[in-house]
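**Student:** Take a look at this one; I'll ask things after.
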Amino acid sequence: MTRAHNATDSEVEVITQLNERASVEDILHALVTSLIQLCPSSCYSLKKLSIYGISSMGGMEENIHSISDDPWAIAGLVIGLGNSVVALYGLGAYEAVTEVKDILISWIPNVDSNSALFDEIDLVSLCMGSCLALPSVVAFCQKVELLNDDLDALFNRYTSLASELRNLNKSGIIFQNLLMAICIGAGSFLSSILDDGVHAMEFNGVKSLLDTLRHIYTHPFPPLVHLGGMFGVVNAFGAGAGDLTGVFSKPMTSQIKHEVSFLHTS
């Protein structure tokens, strides 16, 4: 999708665009099919995609079962789904871009409205991938003016989820991976908002996240969780560590650096 648009033959241009659309269709269909096969609980959300016949894959969830014991197999496909928004936008599928963003948000639980978090292990994997993919997707949607979500509410969802999972102290490697992904994504989400320089973040909210991350990497948690806490902090300062994508990264402005320095010294 990075070809130069300098063709002089309009017929060749049309054929090229049709080929691009067909390629994206094939890739997304394979990605979504694989995701549903590995994680049947994702089917309901993915059927909301109004592109390429995905919404018509009815009954598929009735004939499949989870075939993966690796949460990163599922999380990786979710990250791939998030990265598809650039190609979708290039094809003019603006509604699909918004739908992908909304699906990612729906896979990050809202602590206030969920009495029991992660009853299904598959939901952990979906959340892992969404936490890592959402910051770049939100940044892209904001850049192309397709974002109508409350950024403070999304940021607080990261913060409250990290705090809640830390307090639950769930055992098992999958929850260590989850807390790591939440920390990494939270820092990336914060820096993506600050990088844009349009939305003003509340000081107390930012301080709450940094306090949570500091608690995570300074208290006796497993190494994966410590790693996530450290990545979360450096990402909050714009490092983009562990994001698995660098598409939308850019240097922070001097104004943002000043604000972060003030937070640090406070």
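**Student:** Of G246, G238, G197, G185, which residue is modelled with pLDDT under 85, of a type outside the set (S, T, Y) and touching a Pro at 6+ places or on another chain (Cβ under 8 Å)?
**Tutor:** Numbers: G246 fails: touching a Pro at 6+ places or on another chain (Cβ under 8 Å); G197 fails: touching a Pro at 6+ places or on another chain (Cβ under 8 Å); G185 fails: modelled with pLDDT under 85.
When all the criteria are applied, what remains is G238.
**Student:** Scan the stretch 169-201 for residues that are touching a residue at least 60 places away in the same chain (Cβ under 8 Å) and among the basic types (K, R) and report the count.
**Tutor:** The number of residues fulfilling the criteria is 0.
**Student:** Of everything in the stretch 214-238 that's within 12 Å of S188 (Cβ to Cβ) and in contact with a Gly (Cβ under 6 Å, 6 or more places away or on another chain), which residue is surrounded by the most Cβ atoms within 10 Å (Cβ to Cβ)? Please lay out each step first, then the result.
**Tutor:** Initially, the stretch 214-238 is screened for residues within 12 Å of S188 (Cβ to Cβ), giving 228, 231-238.
Now narrow it down to the ones that are in contact with a Gly (Cβ under 6 Å, 6 or more places away or on another chain): 231-232, 235-236.
Details: F231: 25, G232: 32, N235: 25, A236: 22.
The extreme case among them is G232.
**Student:** Which residues, taken from the stretch 131-154, are in contact (Cβ under 8 Å) with a residue 40 or more places away in the chain and either surrounded by fewer than 24 Cβ atoms within 10 Å (Cβ to Cβ) or not in a helix (DSSP H, G or I) (or both)? Reasoning before the result, please.
**Tutor:** Filtering the stretch 131-154 for residues in contact (Cβ under 8 Å) with a residue 40 or more places away in the chain gives 131-144, 146-147, 149, 151-152, 154.
A139, F140, C141, Q142, K143, V144, L146, L147, D149, L151, D152, L154 - these are the residues of the stretch 131-154 that are in contact (Cβ under 8 Å) with a residue 40 or more places away in the chain and either surrounded by fewer than 24 Cβ atoms within 10 Å (Cβ to Cβ) or not in a helix (DSSP H, G or I) (or both).
The values are calculated or read from the model by the stated rules, or taken from the named source; none is laboratory data. Owing to the predicted nature of the structure, the values given are computational and were not obtained by experimental measurement. Ideal geometry is used to build each Cβ from the backbone, glycine not excepted, and the neighbour counts take in all protein chains shown.
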